[in-house]
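One structure is given below, represented as structure tokens, and several questions about it will come after.
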Amino acid sequence: MIVTIDGPAGSGKSTAARGLAKRLDFYFLDTGAMYRAVAWACTNNGVDPQDAEAAARVARELTISFQDDRVMADGTDVTEAIRTANVSQIASVVAMIPDVREELVQQQRRVAQGLKIVTEGRDQGTVVFPDADCKFFVTAAAEKRAERRHLELLEKHEDVPLEEILEQIKARDARDETREVSPLVAAQDASRIDTSSLATEDVLDVLENAVRKKMAQQQGVN
Ligand code: DC
């Protein structure tokens with residue numbers, strides 16, 4: 001069973017996806033972390049993220065794995081390193097490269113095969129798993145998303161001004177929404193959830209109820 005959760009940066013979809021997987025006892029796949037790992041590897045190897053061919057090679061050669069809550073890239077724990085503002089920007093650049101996307105999409109399909117899984121990203125319900133059992137599109141006002149990211153970064157002792165974060169979020173949204181390959185868009189059959197004024201537990205209740213209802217339908221129970 002595949003549950004997809006897509007949405008823009010800071011919409012709360014990561015928290016929602018992680019929490020939902022926990023409640024359902026499903027696997028969880030953070031596909032943004034995969035783009036971030038490629039961005040990190042480009043920086044680490046002195047590869048220009050604008051160089052599509054070189055970045056695609058990095059994506060193909062990099063071994064990304066998830067161990068519990070840790071993200072590993074070629075055996076290095078990059079969990080914290082991939083969350084900096086710099087890596088965020090570079091990730092949105094490499095995510096525009098068709099060959100990078102193709103490689104990561106293949107990896108995502110391989111990982112999900114045969115699993116009960118919640119997968120989270122931008123294109124999960126539209127491109128990667130068009131036949132997913134449950135699809136959600138999670139959004140929130142840009143200002144709200146900037147506030148959340150600001151707090152997240154503060155917890156990691158990165159004090160980036162709120163206005164700068166808002167600008168970065170808008171720039172990333174624009175790139176994610178207008179890129180030619182897999183732009184950020186809700187699947188037609190996705191349920192939309194605006195988290196601007198919802199508490200995490202309320203979002204999780206909505207998601208969990210929808211998935212459990214679907215599971216019951218699939219098992220022929222009403
Ligand atoms: O969700 P995130 O902020 O960790 O994602 C990092 C970047 O990767 C962001 O610019 C969007 C991009 N991304 C993507 O293009 N497709 C995905 N499935 C997941 C993330």
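In the stretch 78-117, which GluC sites (Glu not before Pro) are in a loop and have at most 12 other Cβ atoms within 10 Å, using DSSP for the loop call?
Here the sparse-neighbourhood loop sites are 80.
From the cross-link list 22/135; 135/214; 144/214; 135/170; 22/170; 22/156, which pairs have alpha carbons spaced over 20 Å apart?
Checking Cα-Cα distances, 144/214; 135/170; 22/170; 22/156 exceed 20 Å.
With the crude spin-label approximation of a point 7 Å out along Cα→Cβ, what separation in nm comes out for residue 174 versus residue 133?
Taking the simple label geometry, residue 174 and residue 133 are separated by 4.1 nm.
By the scheme Lys and Arg +1, Asp and Glu -1, what is the net charge of all other residues having a beta-carbon under 11 Å from that of residue 152?
Net charge in that neighbourhood comes out at +2.
Still on this structure, please answer the following. Please sort through the DSSP H helices of the chain and keep those with an alpha-carbon extent of at least 15 Å along the long axis and a Kyte-Doolittle average not below 0.0.
Helices meeting the span and hydropathy rule in the chain are 31-44.
A further question on this structure: Could you tally the net charge around residue 105, taking each other residue with its Cβ under 13 Å from the Cβ of residue 105, Lys/Arg +1 and Asp/Glu -1?
+1
Right, here's the next one. Among DSSP beta bridges lying fully in the chain, give the percent that are antiparallel, nearest 5.
25
Give the calculated FRET efficiency between residue 218 and residue 110 to the nearest 0.05, with a Förster radius of 30 Å applied to their Cβ-Cβ distance.
Calculated value: 0.80.
Points 7 angstrom from Cα along the Cβ direction at residue 85 and residue 158: gap in nanometres?
Calculated label separation equals 0.8 nm.
Let me know the charge dipole size of the chain about its Cα centre in debye, to the nearest 20, where only the beta-carbon of Lys, Arg (+1) and Asp, Glu (-1) is charged.
680
Count neighbours as other Cβ atoms within 10 Å of each site's Cβ, and list the GluC sites (Glu not before Pro) in the stretch 144-222 that are DSSP loop with at most 10 such neighbours.
Qualifying residues, ordered by number: 180.
Additional query: Residues with beta-carbon under 9 Å from that of residue 42, excluding residue 42: net charge, scoring Lys, Arg +1 and Asp, Glu -1?
Counting the neighbours of residue 42, the net charge comes to -2.
Quick note: the coordinates plus some simple rules give every number you see, no bench work behind them. Everything quoted here is computed from the prediction, not taken from an experiment. Note that each Cβ is placed from the backbone with ideal geometry, even for glycine, and that neighbours are counted across all protein chains shown.
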